[in-house]
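> Structure incoming, see below.
Rule-based calculations on the coordinates, nothing more; no lab input. Treat the numbers as computed from the prediction; the structure is a model and nothing was measured. Methodologically, a virtual Cβ is constructed for each residue, glycine included, from the backbone with ideal geometry; neighbour enumeration extends over all protein chains shown.
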Amino acid sequence: MDAAVSVREAVKTFGHHRAVDGVSLDVPRGIIFGLIGPNGAGKTTTIRMILDIIRPDAGEVRVLGMPAGESARDRIGYLPEERGLYRKMKVLEMVEYQGTLKGARPAEARREAAAWLDRLGLGEWKDRKVEDLSKGMQQKVQFIGALMRKPELLILDEPFSGLDPVNQNLFKDVMLEQNREGATIIFSTHQMDTAERLCREIALIDRGRIVLGGSLASVKSRFGKNSVLVEYDGDGLSLQELPGVARVDDYGHYREIRLRNGADPQALLRALVDKVTIRRFEIVEPTLHNIFIEQVGERPADA
Amino acid sequence: MHKLLMVIRREYLERVRKKSFWLGTLLFPLLMVGLIFIQILLADVETGNQRKIALIDTTGRLEQRFREKLAEEKLKDGRPAFVVESHPAGEGADVAARRLLPRVVSGDLFGIITVGKDLDAEKNFRLYAKSVGNLDVQRTLQGALRQAVLGVRLEQSNMKLEQKELAALLAPIELESFQVAAAGEAKRKGFREAYFGTFTFVFILYMSLLLYGIAVMRGILEEKSNRIMEVLLGSLSPDQLMTGKILGIGLVGLTQMAIYTATVGIVRLYIAASPLAGDWSGTLDAVSPARMVYFLVFFILGYFLYTSLFAAVGAVCNSEQEAQNLQTPLVMCLVIPMVATFFFVANPDSTAAVVVSMIPLFAPMVMFMRISVLTPPFWQIALSILLLAGTIWLFFKAVGRIFRIGVLMYGKRPTVPEILRWARG
């Protein structure tokens, strides 16, 4: 079967700015795929090309076995990063409208919209205007809009931003359910722990290029098991100067140390034992968070 | 096609469901009828009062004739319309007049007429009044004075005439104008009738083109600033969105026009069947079916032309403030022909009128003006409509390109050369 999305050497330039610079990407069907990268890296542009909202200057984009375009678009549910609804419209009509734009007749779209609103706890708000809703509720409305007509491919740009933990969980459950029922999901996020928990595969985009991609396991193994979590008592210690240490992330409660290639964790342990009282010393795979920072570097993220 | 219909449906329902739409639609004809009614009412009130005129005649020779002539003007109840009181010039007409001014201010006197020494001198006659805008009264007073002066002059040349004979000598002739239609029939129609009849329709055309154009522009600006554009473009092509919006709002306009036309049609039938038909022939003529059809044709063409341009403005701007500058030339294109209605109605066949009625941006209004005061050759109407339709087609293509790029751009508004570059694609 064809991939859900397959992008080949896509290039898109705005004025003098090359937003996407030769991106190639394959998203197999039926998985949850994470698109990560700093702000302005080209995630949204890539997503827009998949939806045929903008066309690449060069390269090819295929979606669900056909060139990106209108007929593919009807099978995609899309939640853009910039949230937007008609503020003066009634909630039910708003969702219904989004359903009809995906090809549904008004009556069936209305039924489906009502069912979703009931399910996500917005049943009583059906006949209220969108502007009367809280931000979180509006985000739910928009999420439902993306789910209308049971899309084969769901593209969610930062679906969790601005949500409280309860609603984050609700969104996550719906996503997992849709995925179980066969939908492929692509979502972008800045929350690396979320991506780590949900995604089978990821692609890291930086400055318009894919700098890292593949299954989460393969990405991690590529970086080796060379991270150490330490917890200790005592201070005044400069971990950075210890043997084999490449970089240190201080989380307050504990620290994550990334070792240089080939460095021996045992040497680090010996060096630590002499200086502080160790409560925890654990050799782990690097977190996605650390891989991200290492790949993208410490430069300001809004380049 | 389904999506396009859905966009049209939303745009249409959103507007037609609003109370303000129905308020505007129903209030407007009511307002028009009300205005006419008030005018009739005012005219009645006006004729109910006698006007007091103070005459300060330095020559002392005009009073008699002036009085006699003015006495012919009667109010509805038969009383004379004017009461003339004569005042001595004394130390000069100006000084005498100044003394009477407070009575004009208080409203006791309608006006003061001063007559200088030399009847043949220029600027010898003056009227001081609180309102000098009432053309009918002014004309009456001027006529009476002229007749009095003529009498004096005739006397000086030894042609003694009675007032009656003088009146017969001076009896004005009236030139009635008839408009010859293509079919060869001639209809009586004066300039005033032609002007006001045309202007009313041109004004409605102007208002609706402007209002609906701005409605389309606002709709697009709203979608941009609400950031809903991207959601929509996840389902629709920009062309579908733009076309749907223009057609949807256009249908709202047509609904409104249909209501107006139906109202006019009913009123027309009612008047035509009533004994008033003769008096109202000018009005009946103004709302003839042929004219209504042309009105609709030019409304629709003008609507597509202007909304496509307003849509482009909406697509490249981020806020209404930003859109102000860009929409100004469009508004000007609409205002100019309206302001020039007088010229085009007076000279519907001039080269200027013919040329301007071929320029697509002005054609909807100017061609309509020409059609309503004379019957231009059919080829001119056809050519004008053809040019309009062609321009609309070109605009739609160009604006579609601008729209596609513009709707997803936020931040700095593109410059006009940039926009034109997009339009060329």
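> Could you work out how far apart the two model spin labels at B:MET159 and B:GLU418 are, taking each label as a point 7 Å from the Cα in the direction of the beta carbon, and quote it in nm?
7.9
> Note the angle between two axes, namely the Cα long axis of helix A:135-147 and the longest principal axis of the Cα atoms of chain A, as a number of degrees from 0 to 90, rounded to the nearest 10.
With rounding to tens, the tilt is 70 degrees.
> Roughly how many whole Å is it from the C-alpha centroid of region B:47-82 to that of region B:195-247?
About 58 Å separates the Cα centre of region B:47-82 from the one of region B:195-247.
> Would you mind pulling out the separation of the Cα centroids of region A:248-295 and region B:138-161, in Å?
Measuring centre to centre over Cα atoms gives 118 Å.
> If you don't mind, there's one more thing I want to ask. Apply the Kirkwood formula to region A:225-284: the hydrodynamic radius equals the inverse of the mean of 1/r over all pairs of different alpha-carbon atoms; give it in Å with one decimal.
Kirkwood hydrodynamic radius for region A:225-284: 11.3 Å.
> Ranked by Cβ crowding within 10 angstrom, fewest neighbours first, how are B:ILE53, A:ILE36 ordered?
By the 10 Å Cβ count, ascending, the order reads B:ILE53, A:ILE36.
> With 10 angstrom as the radius, rank B:MET369, B:MET409, B:MET1 by how many other C-beta atoms surround their C-beta, starting from the fewest.
B:MET1, B:MET409, B:MET369
> Taking 60 Å as R0, compute the FRET efficiency from the Cβ-Cβ separation of B:GLU63 and B:ALA290 and round it to 0.05.
0.65
> Within 10 Å of each Cβ of B:340-350, how many other protein chain Cβ atoms are there on average?
Whole-number average of other-chain Cβ neighbours for B:340-350 is 0.
> When we measure straight from the Cα of B:LYS74, which lysines land under 27 angstrom away, once same-chain ones fewer than 8 places off are left out?
Here the lysines satisfying the reach criterion relative to B:LYS74 are B:LYS52, B:LYS130, B:LYS164.
> Related question: So for chain B, averaging the separation of alpha carbon pairs under 8 Å that are six or more residues apart and normalising by length, what relative contact order in percent results?
Numbers: 474 pairs, mean separation 69.2, N = 425.
Dividing the mean separation by the residue count of chain B yields 16 percent.
> Now for a different question. Please give the Cα centre distance for region B:331-375 versus region A:47-113, rounded to the nearest Å.
Centre-to-centre (Cα) distance: 46 Å.
> Decide, for region B:191-424, between rounded, prolate and oblate: order the square roots of the alpha carbon gyration tensor eigenvalues as a ≥ b ≥ c, take rounded if a/c falls under 1.5, and otherwise choose prolate if a/b is larger than b/c, else oblate.
On the way: a/c = 2.56, a/b = 1.85, b/c = 1.38.
Verdict is prolate for region B:191-424.
> Hey, what's the per residue convex hull volume over the C-alpha atoms of the protein assembly as shown, in cubic angstrom?
271
> Per residue of chain B, what 222 nm ellipticity follows from adding -39500 (n - 2.57) for every DSSP H run with n ≥ 4, rounded to the nearest 500?
Roughly -23000 deg cm²/dmol at 222 nm, from the helical runs in chain B.
> Another question about this same structure. Let me have the 222 nm mean residue ellipticity of chain A computed from DSSP H runs of 4+ only, each contributing -39500 (n - 2.57), with the sum over all residues rounded to the nearest 500.
-9500 deg cm²/dmol
> Please arrange A:ILE31, A:ILE76 by how many other C-beta atoms lie within 10 Å of their C-beta, fewest to most.
A:ILE31, A:ILE76
> Relative contact order for region A:1-102: what is it in percent, counting Cα pairs under 8 Å that are at least 6 residues apart? Let's see the in-between values first.
Values: 133 pairs, mean separation 27.6, N = 102.
Once normalised by length, the contact order is 27 percent.
> Distances over 28 Å make up what percent of all Cα-Cα pairs in chain A?
The share of Cα pairs beyond 28 Å in chain A comes to 48 percent.
> For each pair in A:LYS140/B:LYS19; A:LYS129/B:LYS224; A:LYS150/B:LYS18, compute the distance between the two Cα atoms and list the pairs where it is over 24 Å.
With Cα atoms farther than 24 Å apart: A:LYS140/B:LYS19; A:LYS150/B:LYS18.
> Take every residue in peptide B:221-233, count the Cβ atoms of other chains within 10 Å of its Cβ, and give the average of those counts.
Per residue, the average neighbour count from other chains is 6.
> Rounded, prolate or oblate for region A:33-169? Axes are the square roots of the Cα gyration tensor eigenvalues, ordered a ≥ b ≥ c, and the cut-off for rounded is a/c under 1.5. Show your work: numbers first, answer last.
Values: a/c = 2.22, a/b = 1.43, b/c = 1.55.
Oblate, because a/c is 1.5 or more while a/b does not exceed b/c.
> Select from chain B the helices, each a whole stretch of DSSP H, whose alpha-carbon atoms run 18 Å or more along the helix axis and whose Kyte-Doolittle mean is at least 1.0; answer none if there are none.
B:19-48, B:238-273, B:289-316, B:378-406
> Rounded, prolate or oblate: pick one for region B:51-170, where a ≥ b ≥ c are the square roots of the eigenvalues of its C-alpha gyration tensor, a/c under 1.5 means rounded, and failing that, prolate if a/b is larger than b/c, else oblate.
Verdict is oblate for region B:51-170.
> Further, regarding this structure: Enter the angle in degrees (range 0 to 90, nearest 10) between the Cα long axis of helix A:91-101 and the first principal axis of the Cα atoms of chain A, meaning the one along which they spread out most.
90
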